[in-house]
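Here the structure is laid out as structure tokens; the discussion comes afterwards.
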């Protein structure tokens, strides 16, 4: 992991994601089923962000948009020496916003169920029941199985050579873009925006976060 961009998480939180990767890799293989690494990392991320929320004052929706703007701008100003994975950052911030919205609405969801909500809102899984089976580990298919069956070549090309917290979160972001038919070349692995691009990137991040919050709130309200 030494060459991987930093994650905007505390060391304890990154360690939890590392354990999730290892646990998924060490799990006994199931015949005809791909590893459940992405969903396990996502559930671990949700758990860590929930614990983070309990340790601090609850963040309001507009705080998430401010943070998205700030992180996008700072990352752009930092450039390659201070590189942060823009894709992993987006997954983390949307997961953090989901945790906040679920708490605000008083929605009783476990970590695995909230991770399933994210998979549905992200458009990675169509049916909530299937998403919940995937994140709970009770389904007949893993997330990789599901995505590979839809776009085998494109998704296979996105599978990292080594599963790490950074590469897993990056995979979750990039596979969403495959579903949206956005060329892979338009999805940079590292946000290294020139100085002149920092402000537009910050504004775009805020708009994306607001749109995500609206989709997630609608999803929870419809349950």
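Just so it is clear, none of the values below were taken in a lab; they were calculated from the coordinates. Keep in mind that what you see is a predicted model, and the values were worked out from it rather than measured. A quick note on method: Cβ atoms are made from the backbone with ideal geometry, for glycine too, and the neighbour counts reach across all protein chains shown.
State, in angstrom, two size descriptors of region 109-161 derived from its alpha carbons: Rg to one decimal place and Dmax to the nearest whole number.
Cα only, region 109-161: 11.3, 34 Å (Rg, Dmax).
If we sort 104-111, 48-55 on the protection proxy, mean other Cβ atoms within 10 Å, highest first, what's the order? Can you show the working numbers first?
On the way: 104-111: 13.9, 48-55: 16.0.
In descending order of packing, they fall as 48-55, 104-111.
When ranked by the protection proxy of mean other Cβ atoms within 10 Å per residue, highest first, what sequence do the peptides 35-46, 157-168 form? Write out the running numbers ahead of the final one.
Details: 35-46: 25.8, 157-168: 17.4.
Packing order, densest peptide first, comes out as 35-46, 157-168.
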